[in-house]
Structure formats: structure tokens, C-alpha cells
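Note sheet for the following structure.
Each reported figure results from applying straightforward, stated rules to the coordinates on display, with no laboratory input. Everything numeric here is computed off the predicted structure, so don't read it as measured data.
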Amino acid sequence: MPAPPAPRRARRAPIVAGLAILAGVIGTIGWKILVGTVAVGIVGGTLSSLFGGPWDKLPSDVRASYQQRLETAVGKRLDGLSNTAAATQIETWLKGGFIRLDDHKLVRHLQLEIDALNRVAEKDCASFGRSSVGGKSVDSETSQTLTASLDQAGIVELIGLNVDAVEAELRGSPSAVHASDGMSGPILQRMLANLTPTQVQTITAVTSGGSPNDHDVCDMIRGIYRGASSLDPSSLAILARVDVDLQ
């Protein structure tokens, strides 16, 4: 009798999920890649891909270049879809494409996320933390606020990485590379050891439906990502890959 297929891993926030499991916290932890809202309009066969307000902060020449790259990569794949369905399809391509990117690009993606998280007001930081750790998608307003908090160069780079991801997924190359639990486990353990008891308690409170205050939630989620700053380059690259791996 053939062996039964391996169970599919639940989609969750990999970094936070690993820490929560190690801390003995039970629960599914949701994650949405920090890209800003992707609003899609199709007029006369032309794809207009807008990353919410941050898209408007791009220099006009950069915006035109990204627009052209997306139109070339997507072709007619979105023809006939509603705006909602097209946006969902683009997000699917993003999720599949990020894990195809090289270590350098993924490390920059993680660094930009951390930078954005440290720039926003405490309430927005807490909103991101509650959603990420509480098993919910980060809402569009919070996602756009985080992205828009970056300086212009950061926004250009972050949206550029999203364009890279869409292109990689639709091209089908390079191959997706996943970090194994054996590679990521020791890194997550080191990060866990650097959290304060209050931060660990806040993870537990959020995942169990509690209502910790904005300060504690923001301190918790910033603390999780702050642990990346002390990692060696090899470990940071593994962590960055875990962070986007939603398979």
C-alpha cells in the first residue's frame, strides 16, 4: 500500500509561527506579505497595477518602468477578470514569486519590512502585530501605512521587489527554494531566547484572543523582528526566506 501523502503545511506567518510553536503557544498565525494593497484596473487591455498610496510616491519614470514590466510579464492573463479577481491573482503570483528570489533580494525585503515597522506610529505597529500573530490578514490601510512610511528610495525598492516576484513566478524561474525546519529551527530558538517574558506573554495573549494594549503588542512584534539584527549573514538569509515562504 502506498504511503499516504504528507500533510500540507498550514499557511501562516513563518517567523512568528516558529517562535510561537517554540514558546508552546497553540494556534494558526496568519501572514500577509507587506506589499501594500494591489488594486488592479484593466482599461482597453492595459494593466494598471497600483500599490495603494505608496505607488503614487514613486518617481514618474520608475512608475512607468514598473508598469511596463508588469504589463509585459502579465500579458493577457488578467483579461476578463474583475478588479477583485485580478488583485487576488496578482497576490497569488506575489506569494509564489517571492520564494523564487535570491537571498540578497529577500534580505532586503526583510530589512525594509523591519524599517517600516520601526517607522510607523505605535497604533499602526500594533495593528500589524495583532493581525500577524492573531491569524488574520493585515488590512489594506495598515499595509499601505507601513509601506508609505519608508523614504522614497525604500518604497521604490520594496515595490520593485514585488515586481521582481511577479516576473519570477510568471517566468517560472528561478526554482523556488525553501528553508528546511532543520535550518530555521536553531535560528528561531535564538530569536526566542532574546524576547522578554512580557513579549512572550503578549504573543500568548494575542493568539488566545486576549486584548493586550498597543504598547505591548507593538513592543512584541518589533522585538520579534529586532532579533534579525543580531544574526550573521547566513542566518539572516535563511530567516528572510522563511519570512516569505507561504507554501
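Give, in nm to one decimal, the length gained when the segment between V177 and N118 is fully stretched (0.36 nm per residue of separation minus the Cα-Cα distance).
Once the chain is fully extended between V177 and N118, it gains 18.4 nm.
At 0.36 nm per residue, minus the direct Cα-Cα distance, what do S230 and D56 gain on full extension? Give it in nm, one decimal, please.
Result for the pair: 59.2 nm of gain on full extension.
Using the Cα gyration tensor of segment 126-247, with a ≥ b ≥ c the square roots of its eigenvalues, what is the shape: rounded (a/c below 1.5), prolate (a/b larger than b/c) or oblate (neither)?
oblate
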